[in-house]
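See structure below.
The values are calculated or read from the model by the stated rules, or taken from the named source; none is laboratory data. Just so it is clear, the model here is predicted, and its values are computed rather than measured. No Cβ is skipped: glycine too gets one built from the backbone with ideal geometry, and neighbour counts run over all protein chains shown.
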Amino acid sequence: MEKTLAEIAKIVEGEVVGDENLVITKLSGIKEAAEGSLTFLANSKYIPLLKTTKASAVITPRDVSVSGKSIIRTDNPSFAFARIAALFAEDQNIPFEGIHETAVIAKDAILADGVAVGPYAVIEASVRIGRGTKIHAGSFIGHNTVLGADCVIHPNVTILQNTQIGNNVSIHSGTIIGSDGFGYEQINGKHEKIPQLGIVVIEDDCEIGANVAIDRARFDKTLVGRGTKIDNLVQIAHNVVTGEHCIIISQVGISGSVTIGRGAILAGQAGVAGHLEIGAGAIVAAQAGVTKPVKPSAKVSGYPAREHEEAKLLNAHLARLPKYAQKIKALENKIKELEDKINDGS
């Protein structure tokens, strides 16, 4: 793809300062950029790099001035760059249309107009797939599953029976939707499996990363709310319910029957114990271990997770424990000296 700065500025509602006719052929980070590329500046600490970057042009905040380089001033450089990146990505995609001859599709499956199915994909009985959805190579869609319109199921995704997926959902490779929840009862010293009879529901506009596991409910449903984005290597157990527009970052583990409020953020490697509620807008910091409910808009960290400011204070004191131990030892020695003097009558 090739676009002039004027064309790009129009797309992102920006203002060109410099050569409007400059042609951009690729996108790059500010450090890696070469001639012909467009980059962006979103963090003020990278301003010195404007003098050394080899990019032909830079998307900047509106209050930034640069001499000797063409720029596009915008309200949000990071978002503007993302919009342009999406256009470049579309241009690079290999067209994917039609039904491959090796795909296995049940006779009663219903595929709307524009559905594409790649090599060796399997679509079982009573599946319904919406307009324009793409099922890439090697993916499996279990019986009675419903997939909405304009979804992208990347290669080697497994979606098991009775799953319900909305419109404009993207699921990346290696992910398994609808595997059994982890439920057992100990009987006579053995673990007897509890049947998992529920389903998984994924609402519109969600994106689910690679190698994610979302378990079906024991009863009723496991629910991923509209607009939620899930990073790679996340485990969501049975009967978990996430609100709309949550962010769940890599290696998070969420135990069964947890409820997560709208817009909550769970950072990398956080863990949540079962049957808890995380309030709307709450932030669970990286590697936090949540053992109690989290209030709406709260920020928690540490293990066990507590209010972030309290956790920082506790960590600061823990870091000083060796010095505290030395002071305590010195005080104990002084007390012993005083006790010895008293005992000696001196």
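Computed quantities for the displayed model
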| quantity | calculated |
| --- | --- |
| Strands (runs of 3 or more DSSP E) wholly inside region 129-225 that include at least 3 residues being of a type in the set (Val, Ile, Thr) | 199-202 |
| Number of positions in region 295-346 that are assigned to a strand (DSSP E or B) and touching a helix residue (DSSP H, G or I) at 6+ places or on another chain (Cβ under 9 Å) | 4 |
| Residue in region 189-209 that is surrounded by fewer than 19 Cβ atoms within 10 Å (Cβ to Cβ), among the polar types (S, T, N, Q) and either assigned by TED's automatic domain parsing to the domain that holds residue 136 or more than 18 Å from the chain's Cα centre (by Cα) (or both) present | no |
| Number of the condition not met by residue 256 [criteria: (1) closer than 30 Å to residue 150 by Cβ; (2) in contact (Cβ under 8 Å) with a residue 60 or more places away in the chain] | (1) |
| Selected residue (only one of 71, 59 is buried (at least 22 other Cβ atoms within 10 Å of the Cβ), in contact with a Pro (Cβ under 9 Å, 6 or more places away or on another chain) and either without any contact (Cβ under 8 Å) to a residue 40 or more places away in the chain or among the β-branched types (Val, Ile, Thr) (or both)) | 59 |
| Residue within region 93-114 that is under 25 Å from residue 4 (Cβ atoms) and not in a strand (DSSP E or B) present | yes |
| Answer from 140, 182 - the residue that is assigned by TED's automatic domain parsing to the domain that holds residue 127, of a type in the set (Phe, Trp, Tyr) and over 20 Å from residue 240 (Cα atoms) | 140 |
| Selection from region 226-247 of residues that are within 17 Å of residue 165 (Cβ to Cβ) and part of a strand (DSSP E or B) | 229, 230, 236, 241, 242 |
| Check on residue 39, surrounded by 14 or more Cβ atoms within 10 Å (Cβ to Cβ), at pLDDT 90 or above, under 11 Å from residue 69 (Cβ atoms) and under 26 Å from the mean Cα position of the chain (by Cα) | yes |
| Residue within region 108-125 that is under 19 Å from residue 226 (Cα atoms) and assigned by TED's automatic domain parsing to the domain that holds residue 193 present | no |
| When residues of region 248-267 are limited to those that are β-branched (Val, Ile, Thr) and outside any loop (DSSP other than H, G, I, E, B), the one nearest to the chain's Cα centre (by Cα) | 248 |
| Condition met for residue 292 (assigned to a helix (DSSP H, G or I) and more than 21 Å from the chain's Cα centre (by Cα)) | no |
| Single condition residue 228 does not satisfy, out of (1) over 27 Å from residue 197 (Cβ atoms); (2) surrounded by 17 or more Cβ atoms within 10 Å (Cβ to Cβ); (3) under 17 Å from the mean Cα position of the chain (by Cα) | (1) |
| Considering residues of region 249-277 that are of a type outside the set (Gly, Ala, Ser) and touching a Ser or Thr at 6+ places or on another chain (Cβ under 7 Å) only, the residue surrounded by the fewest Cβ atoms within 10 Å (Cβ to Cβ) | 275 |
| Single match in 165, 177, 159, 171 (criterion: under 17 Å from residue 114 (Cβ atoms) and surrounded by 18 or more Cβ atoms within 10 Å (Cβ to Cβ)) | 165 |
| Residues that are among the charged types (D, E, K, R), in a loop (DSSP other than H, G, I, E, B) and under 21 Å from residue 51 (Cα atoms), drawn from region 7-39 | 19, 20, 31, 32, 35 |
| Candidate set: region 39-63, residues that are in contact with a helix residue (DSSP H, G or I) (Cβ under 7 Å, 6 or more places away or on another chain) and of a type in the set (A, V, I, L, M, F, W, C); chosen: the one farthest from residue 26 (Cα to Cα) | 42 |
| Inter-residue pairs, beta-carbon under 6 Å, first among the β-branched types (Val, Ile, Thr) and in region 201-213, second in a loop (DSSP other than H, G, I, E, B), 6+ apart | 202/169; 208/175; 212/175; 212/234 |
| Unique match (being under 31 Å from the mean Cα position of the chain (by Cα), at negative phi and surrounded by fewer than 16 Cβ atoms within 10 Å (Cβ to Cβ)) among 20, 32 | 32 |
